[in-house]
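Data first, discussion second: the structure below is written as structure tokens.
The values are calculated or read from the model by the stated rules, or taken from the named source; none is laboratory data. Not measured: the values here are computed from a predicted model. Virtual Cβ from ideal backbone geometry, glycine too; neighbours counted across all protein chains shown. For accessibility, only protein heavy atoms count, side chains too; no ligands or nucleic acids. Shrake-Rupley method; radii C 1.70, N 1.55, O 1.52, S 1.80 Å.
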Amino acid sequence: MFRKVLVANRSEIAVRVMRALRELGIQSVAIYSDVDRHAIHTYYADEAYPLEGNHPRDTYLNIKKILQIAKRAQVDAIHPGYGFLAENPSFAYACEKEGIVFIGPSSRVIELMGNKIVARKMMKEAGVPVVPGSDGEVETLEEALRIADDIGYPIIIKAAAGGGGIGMRIVHTPQELEQAMAQAKATALSAFGDASIFIEKYVPNPRHIEFQILADAYGNVIHLGERECTIQRRHQKLLEEAPSPVMTEELRQRIGAIAVRAAQAVNYVNAGTVEFIYSEGNFYFIEMNTRIQVEHPITEMVTGIDIVKEQIRIAAGEPLSIRQEDVVLRGHAIECRINAEDPLNNFAPSPGKLVGYRSPGGIGVRVDSGVFTSYTIPPFYDPMISKLVVWGRTREEAIRRMERALYEYIIVGPKTNIPFHKAVLANERFRRGELTTHFISEESSLFTEMERIMAEEQPLQEKLQKIFRVEAKAAAAVAGVETFLHFASGEKKTK
């Protein structure tokens, strides 16, 4: 087993990984930007080192700096978390070259699955169902028109090197195709440095369902069931649940077996996710995420399996500690991503100081966060405050528990998307489990409901401002504690 691991990330996911390391008896090393100097993950770690700067390219995306710290701290391995460098094959390769274990799949697999055209081709060859579309890169308008005519409109144009919906264009008629191709290529080149695009049939009324897989270096591959990730805004997930309301045990076994086959086809090792579109009884491979997912806690809640611990054990050369027959789904879990953003202003980020903060608790409630009262949400990174996760014996109980947890959540300062989550949970269509990835745009009543919720809670917010107001004496005490923590941890932060 490893002796010391660097976590190449920040905030809640850094703390999440460090918790697993602590339970395994492994020392943790944190890295931090200037604005993150007093973030929780820097104090939670056994050691912490500055990256100098705030922009991601100078800090959490700077491979050279991170590897210099890793060698200086003499770590055995690096865990990338999610985002930043988690799916960067160059980072994984640099770790391999330096003799540092990358806690994730090999750089080769990351590169293969990072290119959607290559991934699609490999899955098709392995017998994994893919959405009808082009067999490779589409370069000319004539080729695009031919493919679109073969598979029928509407179609969707995607960036080969893309993710998160960046660069996608939906095309309904031949007349729209030329402009949509030009826009997709320009966006892909700007975002990923690669203008390659491909075409797929646009699937009606889609649900986004993903399967968590675990694979070790000894050929053992299992799945941990599915997650429903259909509630999305601009292809970004906001609320997830496990299991999916649409899934039957027979369908779970079928798709789960295909997810395992997909991992085996690329000799996958470590934790990963195979994502599918499900529509009108059919399911199709979308992509493979070669990292831990933001929404992994809901799978942990219904299976009782610590996915991050399994990642670490696998990377250390151990075989899987569980077999497929050991995986049993119990109850229902829901995750709400609590973000500092204004849901009534097109979900614009709302960074700023948390004047007051009190997270919910009670039976079946889990809060993964990296914030505290007086913490300032910085403008440089994703504005996530926390991941609020609940478990219930049934989906109905989980929904009611999440409503209760959101009622208890007190955040004073930045605007948050809590009213959005409350509106979704109260929506009758959501409660029936009748979902598509267009749910938010189709349910216009959500925004009316959010306005009502926010107006109703305004007096409460004003009261909370008074409760959490930091008087001069209290502020001095807080400053004294921060100064003490700074000096007490100064040695480990500047090693």
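Here are some notes:
- Residues satisfying the stated conditions in the stretch 142-184, i.e. of a type in the set (Gly, Ala, Ser) and part of a helix (DSSP H, G or I): 144, 148, 180, 182, 184
- Qualifying residues in the stretch 314-331 (those that are out of contact with any strand residue (DSSP E or B) (no Cβ under 8 Å at 6 or more places or on another chain) and touching a residue at least 12 places away in the same chain (Cβ under 8 Å)) - the one surrounded by the most Cβ atoms within 10 Å (Cβ to Cβ): 318
- Pairs linking a residue in the stretch 283-299 that is farther than 21 Å from residue 132 by Cα to a residue that is assigned to a helix (DSSP H, G or I), with Cβ atoms under 6 Å and 6 or more positions apart or on different chains, are 290/110; 290/113; 296/307.
- Matching residues, the stretch 197-213, being assigned to a loop (DSSP other than H, G, I, E, B) and open to solvent by 40 Å² or more (accessible area, probe 1.4 Å): 202, 204, 205
- Enumeration of residues in the stretch 416-444 that are surrounded by 20 or more Cβ atoms within 10 Å (Cβ to Cβ) and out of contact with any helix residue (DSSP H, G or I) (no Cβ under 8 Å at 6 or more places or on another chain): 416, 417, 437
- Failed condition for residue 194, given (1) open to solvent by less than 20 Å² (accessible area, probe 1.4 Å); (2) at pLDDT below 95; (3) not in a helix (DSSP H, G or I): (1)
- When the stretch 274-288 is filtered for residues that are part of a strand (DSSP E or B) and open to solvent by 10 Å² or more (accessible area, probe 1.4 Å), the ones remaining, listed by number, are 277, 278, 282, 283, 284, 286, 287.
- When the stretch 231-259 is filtered for residues that are over 23 Å from residue 392 (Cβ atoms), among the hydrophobic types (A, V, I, L, M, F, W, C) and within 17 Å of the chain's Cα centre (by Cα), nothing remains.
- Positions within the stretch 375-398 being open to solvent by 10 Å² or more (accessible area, probe 1.4 Å) and either basic (Lys, Arg) or more than 14 Å from residue 415 (Cα to Cα) (or both), in sequence order: 375, 380, 381, 382, 391, 393, 394, 395, 396, 397
- Consider the stretch 101-112 and keep the residues that are touching a residue at least 60 places away in the same chain (Cβ under 8 Å) and not in a strand (DSSP E or B). The one that is farthest from residue 66 (Cα to Cα) is 112.
- Residue in the stretch 200-210 that is more than 30 Å from residue 348 (Cα to Cα) and among the β-branched types (Val, Ile, Thr) present: no
- The one condition in (1) part of a helix (DSSP H, G or I); (2) under 17 Å from the mean Cα position of the chain (by Cα) that residue 262 fails to fulfil: (2)
- Meets criteria (outside any strand (DSSP E or B), in contact with a Ser or Thr (Cβ under 8 Å, 6 or more places away or on another chain) and buried (at least 22 other Cβ atoms within 10 Å of the Cβ)) for residue 81: no
- Exclusive hit being in contact with a strand residue (DSSP E or B) (Cβ under 8 Å, 6 or more places away or on another chain) and under 30 Å from residue 274 (Cβ atoms), set 63, 103: 103
Rundown of residues vs (1) in contact (Cβ under 8 Å) with a residue 24 or more places away in the chain; (2) within 23 Å of residue 278 (Cα to Cα), yes/no style:
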{"residue": "403", "(1), (2)": "no, no"}
{"residue": "418", "(1), (2)": "yes, no"}
{"residue": "431", "(1), (2)": "yes, yes"}
{"residue": "467", "(1), (2)": "yes, no"}
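- Just one of the listed residues (139, 96) is among the acidic types (Asp, Glu), open to solvent by 20 Å² or more (accessible area, probe 1.4 Å), out of contact with any Leu (no Cβ under 7 Å at 6 or more places or on another chain) and not in a helix (DSSP H, G or I), and it is 139.
- Residue in the stretch 215-230 that is surrounded by 21 or more Cβ atoms within 10 Å (Cβ to Cβ), closer than 30 Å to residue 399 by Cα and without any contact (Cβ under 8 Å) to a residue 40 or more places away in the chain present: yes
- Across the stretch 252-267, not a single residue is classified as among the polar types (S, T, N, Q) and crowded, with 21+ Cβ neighbours inside 10 Å.
- Residue that is modelled with pLDDT under 95 and not charged (D, E, K, R), where the choices are 253, 232: 232
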